[in-house]
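The values are calculated or read from the model by the stated rules, or taken from the named source; none is laboratory data. Please read these numbers as outputs of a predicted model, since none were measured by experiment. Cβ placement follows ideal geometry from the backbone for every residue including glycine, while neighbour counts extend to all protein chains displayed.
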């Protein structure tokens with residue numbers, strides 16, 4: 001920014017410096033030749049403005065083309081004047097072709113500047129028009145006193161000559177008016193081109209006025225000092241065209257007028273008033289040609305004030321709407337919700353707040369992009385409004401959080417369920433179909449005095465309770481939720497401290513060949529022995545870790561610890577290590593790199609590691625499949641855990657890069673008493689074998705179950721019958737008798753699909 005300012009100062013100084021030679025040479029023998037220099041400079045300015053026109057687009061291109069035409073016409077007219085004086089040595093007649101070129105400059109220049117600066121300025125088009133009329137009336141008064149009256153009184157040899165004589169000062173007034181308007185359109189940080197154009201207009205108007213005065217007095221000579229303004233004008237126009245080709249122009253179109261923009265049109269009117277007052281004070285008289293423009297200007301000022309008030313009123317309403325509404329969804333925002341809730345709780349009417357938080361919305365943003373996420377938010381807003389119509393207040397609090405303030409509290413559960421059903425309908429986002437769910441909290445004020453912050457806390461707790469219950473549901477606030485919330489905070493703090501202190505450890509449960517009871521793998525399980533509370537169940541602290549965004553840290557702790565301990569275990573060469581991972585871990589872009597770094601650090605081969613994901617993680621196949629493909633490309637294998645308990649369909653099995661399927665314990669437990677369960681398990685085993693997946697039966701707890709699984713052809717099993725989770729060093733390495741309680745290692749069965757054996761050999 002500072003560099004641009006310095007460059008602009010240098011350009012302005014250079015433009016002003018072009019007028020110095022004519023001042024120095026004025027009155028000398030070479031003064032007449034300066035006409036050629038000014039003509040050449042005008043043609044150069046025309047070329048630079050033409051270049052700016054080629055680089056510009058839209059109406060701005062036409063504006064620069066008109067400016068180029070105006071400069072060229074002035075230059076050609078001045079060449080004709082120079083030819084007559086320097087070559088033909090003849091007096092230039094008046095009017096002549098030179099006058100045509102001179103007068104076309106203000107005509108083309110005014111039209112060009114209107115297109116370059118644009119009509120859509122600060123305020124409104126009416127304000128711009130009034131600004132021009134005010135400045136024009138005021139400058140006409142000044143011009144009348146300075147030049148126009150003398151030209152008018154002098155008359156002309158003919159009517160045409162008289163009109164041409166008047167056209168010069170009128171053109172100067174128009175140019176001065178445009179200088180005022182362009183100055184009012186300039187914006188901080190982008191005033192370079194506008195400043196140069198204003199400088200050029202001022203230079204032209206000044207020299208034209210001096211030319212008119214000297215001509216009227218009969219004292220004008222070619223190359224006098226007053227011609228310096230012509231040099232400055234075309235140097236500035238050329239510099240403006242050159243600057244416009246390097247960076248785009250910036251004029252004010254924001255609709256907010258600064259103080260100096262408001263005051264600028266009043267300056268020439270004040271000058272006109274001073275000129276009129278000066279005449280009266282010196283004994284002169286204000287004639288009709290001055291009084292009428294002054295009166296018209298005063299009327300325009302009053303109209304401008306009215307226009308400004310109306311514009312500011314519209315602007316204030318728009319700003320107020322923006323302050324209380326979300327620009328993306330056009331719903332109310334947090335500020336509107338806060339004020340409306342405060343007002344609602346002062347009445348005795350029961351009110352309720354419905355708080356909605358989209359489930360796993362970050363996944364949509366990360367996988368499909370923020371444009372898709374915005375489309376989903378707009379669709380959610382529409383569905384919210386269809387469920388909660390006026391006079392309910394529907395707002396977007398921020399991110400993926402929405403809230404509804406309603407006085408219809410009786411049917412809220414029905415409304416909440418309807419909302420969840422509406423949200424479950426598929427959304428078409430571009431070429432993708434997206435399904436959205438939400439966790440909804442409801443808190444009701446019974447009409448007694450309630451603080452807004454208390455009701456907001458209650459509805460927050462209800463929403464978190466809905467998430468804790470499995471998401472995609474609603475929960476109504478009850479006082480017990482405060483106790484649950486306090487307990488949740490306690491567990492989060494304790495778990496965070498345990499991870500910091502590395503107070504957790506890893507237990508291992510064997511995975512064996514059911515027929516020979518040989519250990520072919522071990523599953524690593526996180527365990528937490530609290531110094532005060534004792535052993536904390538994984539079913540308690542794993543969900544806490546997911547809700548507290550600690551699951552990534554916990555998962556990597558288990559992976560690093562398990563890989564390090566397994567690599568040092570004597571039986572590792574003929575077995576594999578199975579580690580559970582959360583779907584939230586797999587959404588991290590660094591997950592695959594972290595797994596590879598852990599394997600390299602511990603010296604474990606990728607084929608010795610199996611990562612287990614739950615069947616529910618497959619429900620949204622697009623989110624994890626990319627990570628699974630990357631992992632398996634390195635040699636790491638994938639197991640689907642708890643198959644049969646989630647929402648995944650059998651059709652997923654051949655589409656997902658998996659090697660192992662672990663049948664949930666609920667199927668295994670029923671095979672001894674339910675013939676249908678036995679047939680289902682047998683059919684599953686045949687299916688898995690046919691598509692090249694290795695099956696592991698979970699939850700094997702008694703020998704009868706084991707025998708039946710052997711008869712069904714199930715190769716591998718895991719459960720308390722074969723060993724409970726414990727230290728890795730406690731697992732026996734040698735093969736054991738089926739009646740004993742130990743565990744042994746033998747060659748693991750091979751895995752089809754070309755992914756290597758379960759032992760990783």
Say whether the condition of being under 12 Å from residue 403 (Cβ atoms) and under 23 Å from the mean Cα position of the chain (by Cα) is met by at least one residue in the range 334-345.
yes
Give me the residue from the range 281-311 that is modelled with pLDDT of 80 or more and more than 25 Å from residue 175 (Cα to Cα) and, out of that set, farthest from the chain's Cα centre (by Cα).
282
Of 627, 598, which residue is over 30 Å from residue 703 (Cα atoms), surrounded by fewer than 21 Cβ atoms within 10 Å (Cβ to Cβ) and either touching a strand residue (DSSP E or B) at 6+ places or on another chain (Cβ under 9 Å) or at pLDDT 85 or above (or both)?
598
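Each row is one residue, and each column tells you yes or no for (1) surrounded by 16 or more Cβ atoms within 10 Å (Cβ to Cβ); (2) farther than 17 Å from residue 351 by Cα; (3) over 31 Å from the mean Cα position of the chain (by Cα); (4) modelled with pLDDT of 85 or more.
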residue: 421; (1), (2), (3), (4): no, yes, no, yes
residue: 424; (1), (2), (3), (4): no, yes, no, yes
residue: 436; (1), (2), (3), (4): yes, yes, no, yes
residue: 447; (1), (2), (3), (4): no, no, yes, no
residue: 465; (1), (2), (3), (4): yes, yes, yes, yes
residue: 468; (1), (2), (3), (4): yes, yes, yes, no
residue: 473; (1), (2), (3), (4): yes, yes, no, yes
residue: 481; (1), (2), (3), (4): yes, yes, yes, yes
Pairs please, first residue from the range 631-647 and outside the structural domain of residue 718 (by TED's automatic domain parsing), second anywhere and in a loop (DSSP other than H, G, I, E, B) and modelled with pLDDT of 90 or more, Cβ atoms under 6 Å, 6+ apart in sequence or on different chains.
none
Does residue 364 qualify as being surrounded by 12 or more Cβ atoms within 10 Å (Cβ to Cβ), part of a helix (DSSP H, G or I), in contact with a strand residue (DSSP E or B) (Cβ under 7 Å, 6 or more places away or on another chain) and in contact (Cβ under 8 Å) with a residue 60 or more places away in the chain?
yes
Tell me which of these residue 512 doesn't satisfy, since it passes every other one: (1) modelled with pLDDT under 95; (2) assigned to a helix (DSSP H, G or I).
(2)
Condition (residue is over 44 Å from the mean Cα position of the chain (by Cα), within 24 Å of residue 658 (Cβ to Cβ) and part of a helix (DSSP H, G or I)) applied to the range 530-551: is it met by at least one residue?
no
For the range 67-180, which fully contained helices (runs of 4 or more DSSP H) count at least 3 residues that are at pLDDT 75 or above and surrounded by fewer than 19 Cβ atoms within 10 Å (Cβ to Cβ)?
97-117
So which residues in the range 508-531 are touching a helix residue (DSSP H, G or I) at 6+ places or on another chain (Cβ under 9 Å) and either over 22 Å from residue 609 (Cα atoms) or outside the structural domain of residue 700 (by TED's automatic domain parsing) (or both)?
515, 528, 530
For residues that are modelled with pLDDT under 85, over 15 Å from residue 23 (Cα atoms) and assigned to a helix (DSSP H, G or I), tally how many sit in the range 202-242.
9
Given the condition in the same structural domain as residue 656 (by TED's automatic domain parsing), closer than 24 Å to residue 625 by Cα and not in a helix (DSSP H, G or I), answer yes or no: does some residue in the range 559-568 qualify?
no
Can you confirm whether the range 707-729 contains a residue that is outside any loop (DSSP other than H, G, I, E, B), within 26 Å of residue 538 (Cβ to Cβ) and modelled with pLDDT under 85?
no
Which numbered condition residue 632 fails, given (1) modelled with pLDDT under 90; (2) surrounded by 15 or more Cβ atoms within 10 Å (Cβ to Cβ)
(1)
Residues that are in contact with a helix residue (DSSP H, G or I) (Cβ under 6 Å, 6 or more places away or on another chain) and at pLDDT below 85, drawn from the range 37-58:
none
